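Participant: If you scroll down you'll find the structure; I have some questions about it.
The values are calculated or read from the model by the stated rules, or taken from the named source; none is laboratory data. Here the structure is a predicted model, which means the values were calculated and not measured. Note: areas computed on protein heavy atoms with side chains; ligands, DNA, RNA excluded. Shrake-Rupley method; radii C 1.70, N 1.55, O 1.52, S 1.80 Å.
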Amino acid sequence: MQSLDRAFSLLEIMAEAGGETSLSQLAESSGLPLPTIHRIIRTLVGNGYVRQLPSRRYALGPRLIGLGDKASQMLGTWARPHLAQLVEDLGETANLAMLDGDKVIYVAQVPSPHAMRMFTEVGRRVLPHSAGVGKALLSQLGDEEALATVRRTGMPAATDRTITEPERFVTELHRVRDQGFAIDDGEQEIGVRCVAVPVTGAPSGMAVSVSGPEARVSWEFVERAAPIVQRCAAMLATDLNNQA
C-alpha cells in the first residue's frame with residue numbers, strides 16, 4: 001500500500017509540474033530517496049502510465065488518457081443531477097468544466113429548454129483567460145501559477161471584450177475570489193454571458209456555470225443566479241467527496 005501511495009504521489013507531482021519532470025525534481029518535491037523513485041518510475045513506465053523522453057526526463061504516459069476519459073464520464077454522471085437542477089432553477093444551459101493541462105475542458109452539460117440556447121460541446125477545450133469557467137478554475141490557484149498558465153497558452157482576443165493583459169487578468173482573478181464567482185461578459189463568444197463558480201473543496205479543480213444569450217442573461221439575472229450556482233457548486237463538492 002505504501003508503494004501505491006508513493007506512485008500516485010509521484011504522478012500528481014508530475015501533473016502539477018505540467019506533465020513532465022526529472023527524477024531530481026521528483027525527489028525534491030516528494031522527499032523520497034532517488035532509488036525508491038527510480039524503482040516506482042520503472043514500474044509506471046513498464047505499464048504505460050509514465051514515459052521516458054529522449055532528454056531522460058519523464059512524462060505522463062498514454063495509458064492515463066483512457067483512465068481520464070472514464071473518470072470524466074463518471075464525473076459527468078455524478079454532476080448531471082446538479083446541473084439539471086441549475087437548468088430547472090435558472091432556465092439556462094449548465095456546464096461542468098475542469099483544467100486539462102493548461103486548457104479548460106467541458107466534461108458535462110445539461111442544455112437549456114429554450115430554442116435559442118448555448119451549445120458548448122462536451123469535450124471542447126478552450127483557453128482559460130477568456131472563459132468564465134477558466135477564470136473560476138484559475139482563481140483557485142495562486143497569482144503566479146495562474147499567470148504562468150496563461151503565459152504558456154497566450155492570451156489572444158476571442159472577442160473585443162477578451163482580457164488580454166496579464167495585469168488586468170490578475171485583477172480579474174482577485175475580483176472572482178472576492179465575490180465568489182466569475183463572469184464571462186461576451187469574452188469567449190459575442191453575445192453570450194456566463195456565470196461560473198469554482199467547486200471549492202472538490203477532489204480536483206472544477207467549475208460549474210450557466211450561460212446564455214445576453215438578452216436573457218442580463219445583469220439582474222447574474223445577480224440572481226450567482227448564489228444559486230454557488231449553492232450548486234457546494235452541493236456538488238459534497239457529493240463528490242462522499243463518492244471518494
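Participant: Largest first, how would Thr200, Thr149 line up by accessible area (1.4 Å probe)? Each step should come with its number before you reach the end.
Facilitator: Details: Thr200 105, Thr149 10 Å².
Per-residue accessible area, sorted high to low, gives Thr200, Thr149.
Participant: Hey, what's region 132-244 come to in accessible area per residue, 1.4 Å probe, Å²? Don't skip to the answer; put the middle values down first.
Facilitator: Details: 5080 Å² over 113 residues.
I get 45 Å² per residue for this part.
Participant: In deg cm²/dmol and to the nearest 500, what is the mean residue ellipticity at 222 nm of the chain if only DSSP H runs of at least 4 residues count, each as -39500 (n - 2.57), divided by the residue total? Please list the in-between numbers first.
Facilitator: Details: 8 runs with 121 residues, N = 244.
Computed mean residue ellipticity for the chain: -16500 deg cm²/dmol.
Participant: With Kirkwood's inverse mean 1/r over C-alpha pairs for Rh, give me the Rg to Rh ratio of region 135-244, two decimals please. Present the calculation step by step, with values, prior to reporting the outcome.
Facilitator: Working: Rg = 14.3 Å, Rh = 14.6 Å.
Ratio of gyration radius to Kirkwood radius for region 135-244: 0.98.
Participant: What is the percent carbon and sulfur in the accessible area of the chain, measuring with a 1.4 Å probe over the protein chains and ignoring ligands? Walk me through the numbers on the way to the answer.
Facilitator: Working: 6570 of 12340 Å².
Roughly 53 percent of what the probe reaches on the chain is carbon or sulfur.
Participant: Rg and Dmax of region 127-169, using alpha carbons, in Å: what are they?
Facilitator: So, for region 127-169, Rg and Dmax equal 9.4, 27 Å respectively.
Participant: Compare Phe169, Phe181 by solvent-accessible area with a 1.4 Å probe and give them largest first, with all protein chains kept in place.
Facilitator: Working: Phe169 0, Phe181 35 Å².
Of Phe169, Phe181, the descending order of accessible area is Phe181, Phe169.
Participant: How large is log10 of I(q)/I(0) for region 179-221 at q = 0.18, 0.26 Å⁻¹ when the intensity is taken from the Debye formula with one equal scatterer per alpha-carbon?
Facilitator: -0.53, -0.87
Participant: How large is Rg over Rh for region 196-244, taking Rg from the Cα atoms and Rh as the Kirkwood inverse mean of 1/r across Cα pairs? Show your work: numbers first, answer last.
Facilitator: Details: Rg = 12.4 Å, Rh = 11.5 Å.
Rg/Rh: 1.08.
Participant: With a cut-off of 8 Å between alpha carbons and a minimum separation of six or more residues, what is the relative contact order of the chain in percent? Please list the in-between numbers first.
Facilitator: Working: 410 pairs, mean separation 36.0, N = 244.
With pairs under 8 Å counted, the relative contact order is 15 percent.
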